[in-house]
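To start, the structure under review is shown below, and the notes come after it.
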């Protein structure tokens, strides 16, 4: 659930990947909901501001995936060591730190 009074897009992150798997970790508070871009049901886990919460999905084949992460208060993201083609964090106003591969196209 997004906090009352908060914009639903205030903690949204979009990632594009061309891979057969994706892995990333989050820190923050509340619940993070992930659409892994494969038509499956959204996946939700509580996140913590002190410990990394890892999200992982293995796909049956390599293909383009548009992955969306949304939560109440996502403050840190580690999406390094992936085959991401782009990362859009412009809709996350509370993100204070993120790790990614150097050659990744990032929209802030």
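The values are calculated or read from the model by the stated rules, or taken from the named source; none is laboratory data. Here the structure is a predicted model, which means the values were calculated and not measured. In this analysis, Cβ positions are derived from the backbone assuming ideal geometry, glycine residues included, and neighbour counts consider all displayed protein chains.
Name the single residue, out of those in the stretch 84-101 being closer than 24 Å to residue 51 by Cα and more than 12 Å from the chain's Cα centre (by Cα), that is surrounded by the fewest Cβ atoms within 10 Å (Cβ to Cβ).
Applying the filter and picking the extreme gives 97.
I'm trying to understand the selection: among the residues of the stretch 48-60, which are more than 15 Å from residue 15 (Cα to Cα) and part of a strand (DSSP E or B)?
Within the stretch 48-60, 53, 54, 58, 59, 60 meet the criteria.
Among the residues of the stretch 61-96, write down those that are in contact (Cβ under 8 Å) with a residue 60 or more places away in the chain and part of a strand (DSSP E or B).
Matches in the stretch 61-96: 70, 71, 72, 73, 74, 77, 84, 85, 86, 87, 88, 92.
Six or more apart or on different chains, Cβ atoms under 9 Å: show the pairs whose first residue is in the stretch 43-60 and on the phi > 0 side of the Ramachandran plot and without any contact (Cβ under 8 Å) to a residue 40 or more places away in the chain and whose second is assigned to a strand (DSSP E or B) and surrounded by 13 or more Cβ atoms within 10 Å (Cβ to Cβ).
Once the first residue is on the phi > 0 side of the Ramachandran plot and without any contact (Cβ under 8 Å) to a residue 40 or more places away in the chain and sits in the stretch 43-60, no partner that is assigned to a strand (DSSP E or B) and surrounded by 13 or more Cβ atoms within 10 Å (Cβ to Cβ) comes close enough.
Do you know which residues across the stretch 55-82 are surrounded by fewer than 13 Cβ atoms within 10 Å (Cβ to Cβ) and more than 12 Å from the chain's Cα centre (by Cα)?
To start, the set of residues in the stretch 55-82 that are surrounded by fewer than 13 Cβ atoms within 10 Å (Cβ to Cβ) comprises 56, 58, 60-64, 81.
Across the stretch 55-82, the qualifying residues are 58, 60, 61, 62, 63, 64, 81.
When residues of the stretch 20-31 are filtered for being surrounded by 18 or more Cβ atoms within 10 Å (Cβ to Cβ) and under 13 Å from residue 56 (Cα atoms), how many remain?
Residues in the stretch 20-31 being surrounded by 18 or more Cβ atoms within 10 Å (Cβ to Cβ) and under 13 Å from residue 56 (Cα atoms): 3 in total.
Okay, residues lined up against (1) in a strand (DSSP E or B); (2) closer than 19 Å to residue 82 by Cα; (3) at pLDDT 95 or above:
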site: 3; (1), (2), (3): no, no, no
site: 8; (1), (2), (3): no, no, no
site: 13; (1), (2), (3): yes, yes, yes
site: 20; (1), (2), (3): yes, yes, yes
site: 32; (1), (2), (3): yes, no, yes
site: 46; (1), (2), (3): yes, no, yes
